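The next block holds one structure in the form of structure tokens; read it before the comments.
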Amino acid sequence: MARTRPPRVRWGTLLALVVPALLTLVTTVVLGVMVTRSTLALSDNVRLTQNLVDGNVRTLSQAQRELLRLESAVVAPGTPADQLELRRALAAQRIQEGTLDYQVQTLGNAGLLARSRALAETWTARVEPLVRTRVAAGTPGVALPAPTALVGRIRDLELGYNQLVSDAEITRKVQASAANGATDELVSGTRALLVVLGVSTLSFVALVAGTVRVLLLARRQQIVAAERLKAARAELQRHSVAVQTTDNPVVITDPDGRAEWVNDAFIRRTGYGLDEVVGRVPGHLLQGPDTDPATVDHMRACVEERREFTCEVLNYTRDGVPYWIALDVRPIVGDDGSVTGFVAVQTDVTKRRLTEEALVAAKEVAEETARAKAQFLASMSHEIRTPLNAVLGLTELLLDTALADEQRDYVTTAHQSGRHLLSLVNDILDFSALDADTLELESAPAEIRGVLDDVSAMLAPVAARSGVGLSCRVDPAVPPLVCTDVTRLRQVLINLVGNGLKFTEVGGVDVSASFESSPDEPAAGRLVVTVHDTGIGIARDRQARIFDPFVQGDTSTTRTHGGTGLGLAISTRIAARLGGGLAVTSTPGEGSTFTLTVPVHVCADGAPGLEPSPRQESVADVTALTVLLAEDDAVNRMVAVSMLGRLGVVADVAEDGQGALDASAATAYDVILMDVHMPRVDGIAATEAIRARGGRQPRIVALTANALEGDRDRLLAVGMDDYVSKPFRLEDLRAALSAVPTPA
């Protein structure tokens, strides 16, 4: 193998360029530091100016206003002594706040603070004693005549505060003007530094360019060494026969990565001939617009460092067809240990990469679909629950009034229809939670007879309107109480019985419950509930599909009978989560029988037919609360205000989040009922602003139509204390208010 000698570099010329370049670099760095310091000083002046602009003398202005109010209370005929005492206390508080040390920042200098303290001493020595004397001389609730001397002193003191506020504003403007002048000087100096820095940078670039030119001259000397490799090429060609027969493209390059030889497989795969490749870097021919630049940089770095590497890279044929290769590159080492070239073996991995890309694309589509689905469900839930809150709230309030029997029937039907619509919305949300495996279940004692009675009572009006029968019976062997998730069990039964009534025109629906005890464990067994109807039935070829989402027994039933097609999908998933199952047998034209099987445990505690009564909160406890309602929807405001009125609470009202911020700043409320979606400032931003404001904090209860998994935790995380989902009932508001500590 031929040996190469390292090229000689003209070190004197290179040193003559590098030293000035380093000096220029140092100069540039020094100028950069000076510019940075100037910029920091400029920032400090800007911050000072902004502080001066943002500052105010609100506390002293409030002291002035309180003195005016005190004067009005003293002058006004018929002012009770207790109200006069309240005005005195408020004025004293604001005057005392105006003497605190931090006021020197808002007033502008210590002299103005001294004037503020002198005015406070005047208040303490000459005014407040007269007010206290006047208050002590009166009787609570009885008006006192207005003394002229006291009114004159109050007015003199108010004029003093008025002049102090004016002088403070003038002082702050003078300070702001001075800061702006200093800022202008800094700006002029910084511009000059930037000009010098630009000139220095250009000089450095020019010197670097000269250095690169010297290095390129040294690179040309390496070409001479390449001639010495020609002798080794003959030897390499003798070995090329072994690689000519392989289907893998093979490339042999010089130490700098320029091709010296390629095999026939390379020519077939790329379309380039040997004469087109020799002397050129293969990547320059094969890499295209979608080739990863980072991979190219990695390959170039490995060649420059004369080390082996493997990678996958996207290449292009001569005709522009992209293909993927796995590249294995190894150096050719000479007798003296120097690298004389590289051997690159390529493996076509196009099919595998296309498969991987298709899988990634499918995963991204699925994730995007899931995100869009979640966003749609959240939006749909909010838009439906908002008006539904008004419908259910108004009908609930109406049912609590004196109505004729016929009117009560109408309102009851409307309220039940609203609850049914709410159940449809909940079905969609439940299906989403079940589909994502995020629905949580709980186990508690349940009375099966009571559950069936509830379902029967809820759906009896539907059966009556359809002219079909509805019957329920419970086998005596069913235990009085069993442990299961009664809410989800009731939901499944409502779906099954509701479906039976919907698809039955003649006959009726029969519900029966039985219990199969476990021979191995007496306290365990299976609850079996069958729902049989005499409806239209389900074709055999569709019976397996009706448990899929958005599918009904017959495509024509979508228009005839309506529904989302989610009831059975939700029911079968809930049954599975409860550890049981749901099956169907049906004959078209004769009817269907659905069988729900749920494993349960017999509960020994509690009495049959009894449920723990809800905790009754005393209305007197909540009437002492000061309440602010923030709600942008007019109808929902009317519903909430009416319900609060039933609880004995007279609430203030804000129509958006900004209104809630303003009202809560003026009044220290015990509780704020905060809607989440509002114009201008929403409920979340308003809550964060109230929490950031500090001071005495109200209890903030979210009133929201957001009811998806995680919404409660999200709202509590931003600073809200409780969560009430729309549509809400009177008892929901009572429970939320009862959790607020009653003020003394």
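The values are calculated or read from the model by the stated rules, or taken from the named source; none is laboratory data. Every value quoted in this text rests on a predicted model; they were computed, and no experiment measured them. Cβ: placed from backbone, ideal geometry, glycine included. Neighbour counts: every protein chain shown. These accessible areas exclude ligands, DNA and RNA; they are computed on the full protein's heavy atoms, side chains included. Shrake-Rupley method; radii C 1.70, N 1.55, O 1.52, S 1.80 Å.
Under the classification rounded if a/c is under 1.5, otherwise prolate if a/b is larger than b/c and oblate if not, where does the stretch 259-334 fall, given a ≥ b ≥ c as square roots of the Cα gyration tensor eigenvalues? Oblate. When all protein chains stay in place and ligands, DNA and RNA are ignored, the 1.4 Å accessible-area order of HIS415, HIS298, largest first, is HIS298, HIS415. So which aspartates and glutamates pass the test for LYS502, namely a Cα distance under 17 Å, with those fewer than 8 places away in the same chain ruled out? Filter leaves ASP427, ASP510, ASP533, ASP554, GLU590. Among residues other than ALA110 with Cβ under 15 Å from its Cβ, the summed charge is +1 (Lys and Arg +1, Asp and Glu -1). Accessible surface comparison of GLU71, GLU367, probe 1.4 Å, protein chains only, largest first: the order is GLU367, GLU71. Within the assembled protein chains, the solvent-accessible surface assigned to GLU655 is about 110 Å², based on a 1.4 Å probe. Summing +1 for each Lys or Arg and -1 for each Asp or Glu among the other residues whose beta-carbon sits under 12 angstrom from that of THR597 gives 0. Centre-to-centre, using Cα atoms only, the stretch 336-358 and the stretch 513-532 are separated by 65 Å.
Its residue count N fixes a reference of 2.2 N^0.38 Å for the stretch 621-744, and the Cα radius of gyration divided by that reference is 0.95. In percent, rounded to a whole number, the relative contact order of the stretch 653-744 is 26, using alpha-carbon pairs under 8 Å and six or more apart. Put simply, the stretch 443-517 fits an ellipsoid with semi-axes of 24, 13, 9 Å; these come from the alpha carbon gyration tensor as the roots of five times its eigenvalues, largest first. Can you classify the stretch 256-296 as rounded, prolate or oblate using the Cα gyration tensor, where a ≥ b ≥ c are the square roots of its eigenvalues, rounded means a/c under 1.5, and otherwise it's prolate if a/b beats b/c and oblate if not? Note, shape of the stretch 256-296 comes out oblate. Taking the average, over residues, of other Cβ atoms within 10 Å as the packing measure, peptides 153-164, 280-291, 629-640 rank 629-640, 153-164, 280-291 from highest down. Here is the size of the stretch 63-123 from its Cα atoms: Rg then Dmax, 13.5, 42 Å.
Once the C-beta distance of ASP454 and ARG714 is scaled by a Förster radius of 30 Å, the resulting FRET efficiency is 0.40 to the nearest 0.05.
For the stretch 641-681, the gyration tensor built on C-alpha atoms gives an oblate shape. Its axis ratio a/c (a ≥ b ≥ c) is at least 1.5, and a/b is not larger than b/c.
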